[in-house]
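Undergrad: I am attaching a structure below and will ask some questions about it afterwards.
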Amino acid sequence: MLLQIEGVIKKFGGLVALDQVSISVERGTILGLIGPNGAGKTTLFNCINGTLPITGGKIIFGGVDITGKKSYQIAQLGIARSYQVEQPFGRMTTLQNAMVGGFCKTDSFEQSQRIAIEALRLVGLEHKKDTIARHLNIGERKKLEVAKALSTQPKLLLLDEVMAGLTPAEVQEMVKIIKSVNDTGVTIIIIEHIMEAVMALSKRVVVLNFGKKIMEGNPNEVGENPAVIEAYFGVDEEKIDA
């Protein structure tokens with residue numbers, strides 16, 4: 001296993017945002033992480049990459065206990081993430097934005113540039129490398145968000161709603177990009193509300209609701225599970241059929 005999340009708890013005062021969450025992620029796979037708004041999905045990402053300290057449990061990455069490590073230490077070990085709201089350095093070029101991540105593991109300007117160009121090529125933005133980032137459209141900014149993470153040369157990539165706000169055609173393009181990234185050997189955990197995309201990409205899917213893991217299985221099992229249907233729609237499957 002590349003990543004092992006063992007009984008993770010995250011509390012904000014009296015609020016339990018994550019309650020004994022345990023997940024194992026196989027190397028080289030794509031894992032879907034779904035659940036209604038407020039389920040704890042992004043909080044879990046923040047705990048994995050060190051943005052938030054966990055209250056209990058532990059996180060093992062590549063055999064190393066990363067519990068309590070700083071975000072930059074975790075990034076250097078090989079975990080990168082995108083964010084729901086893309087925030088490029090607006091006055092810098094697309095290439096310069098991607099190069100920032102490249103300096104995670106090298107001090108060489110030339111090497112960082114090569115890493116960044118390859119990341120832009122993977123997401124289909126190489127032709128926009130000299131464009132000022134604030135001039136990119138929403139779809140291009142989403143791609144840049146992925147490229148910035150890829151430039152850190154991760155073993156594990158955490159993608160947080162990279163398809164939100166995209167057109168159906170752009171969603172299909174992003175699905176292809178994510179598959180291409182995975183084909184290079186990068187393990188991926190993806191949070192997404194576009195179920196069709198998640199189910200097409202994921203080997204396994206984990207469902208969170210109110211901070212608890214309520215289901216894990218292959219896409220078909222998850223999509224047909226009554227507890228998952230109730231979590232999303234707030235009604236029992238039997239009531240839907242009625």
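The values are calculated or read from the model by the stated rules, or taken from the named source; none is laboratory data. Only a predicted model underlies this, so the values are computations on that prediction, with no experimental measurement involved. Note: ideal-geometry Cβ built from the backbone for every residue, glycine included; neighbour counts use all protein chains shown.
Undergrad: Could you check segment 57-70 and list, in sequence order, the residues that are at pLDDT 95 or above and either surrounded by 14 or more Cβ atoms within 10 Å (Cβ to Cβ) or touching a Pro at 6+ places or on another chain (Cβ under 8 Å) (or both)?
TA: So in segment 57-70, the residues at pLDDT 95 or above come out as 57-67, 69-70.
Gly57, Lys58, Ile59, Ile60, Phe61, Gly62, Ile66, Thr67, Lys69, listed by residue number.
Undergrad: Being more than 19 Å from Gln73 (Cβ to Cβ) and touching a Gly at 6+ places or on another chain (Cβ under 7 Å) is the filter here; which residues of segment 151-172 pass it?
TA: Keep residues of segment 151-172 that are more than 19 Å from Gln73 (Cβ to Cβ), which gives 159-172.
Matches in segment 151-172: Leu166, Glu170.
Undergrad: Could we say that Lys10 is part of a strand (DSSP E or B) and more than 27 Å from Tyr232 (Cα to Cα) here? Break it down into steps so the answer makes sense when it comes.
TA: Values: part of a strand (DSSP E or B): yes; more than 27 Å from Tyr232 (Cα to Cα): no.
When the stated conditions are applied, Lys10 does not pass them.
Undergrad: Given the residues Ile115, Ile66, Ile34, which is the only one that is among the hydrophobic types (A, V, I, L, M, F, W, C) and within 22 Å of Val198 (Cα to Cα)? Working first, answer last.
TA: Details: Ile115 fails: within 22 Å of Val198 (Cα to Cα); Ile66 fails: within 22 Å of Val198 (Cα to Cα).
Matching residue, one of Ile115, Ile66, Ile34: Ile34.
Undergrad: Then there's this: Count, please, the residues in segment 32-74 that happen to be free of Cβ contacts under 8 Å to residues at least 40 places away in the same chain, polar (S, T, N, Q) and either in contact with a Phe, Trp or Tyr (Cβ under 8 Å, 6 or more places away or on another chain) or not in a helix (DSSP H, G or I) (or both).
TA: 3
Undergrad: Let me ask you something else. Which residue pairs have Cβ atoms closer than 8 Å, lie 6 or more positions apart in sequence or on different chains, and pair a first residue in segment 91-107 that is part of a loop (DSSP other than H, G, I, E, B) with a second residue that is aromatic (Phe, Trp, Tyr)?
TA: Within 8 Å, the pairs are Cys104/Tyr72.
Undergrad: Hey, which of the strands (runs of 3 or more DSSP E) in segment 142-242, taking only ones fully inside, have at least 1 residues that are in contact with a strand residue (DSSP E or B) (Cβ under 8 Å, 6 or more places away or on another chain) and without any contact (Cβ under 8 Å) to a residue 40 or more places away in the chain? Quick ask: steps written out before the conclusion?
TA: On the way: elements: 156-160, 187-191, 204-209, 212-217.
Result: 212-217.
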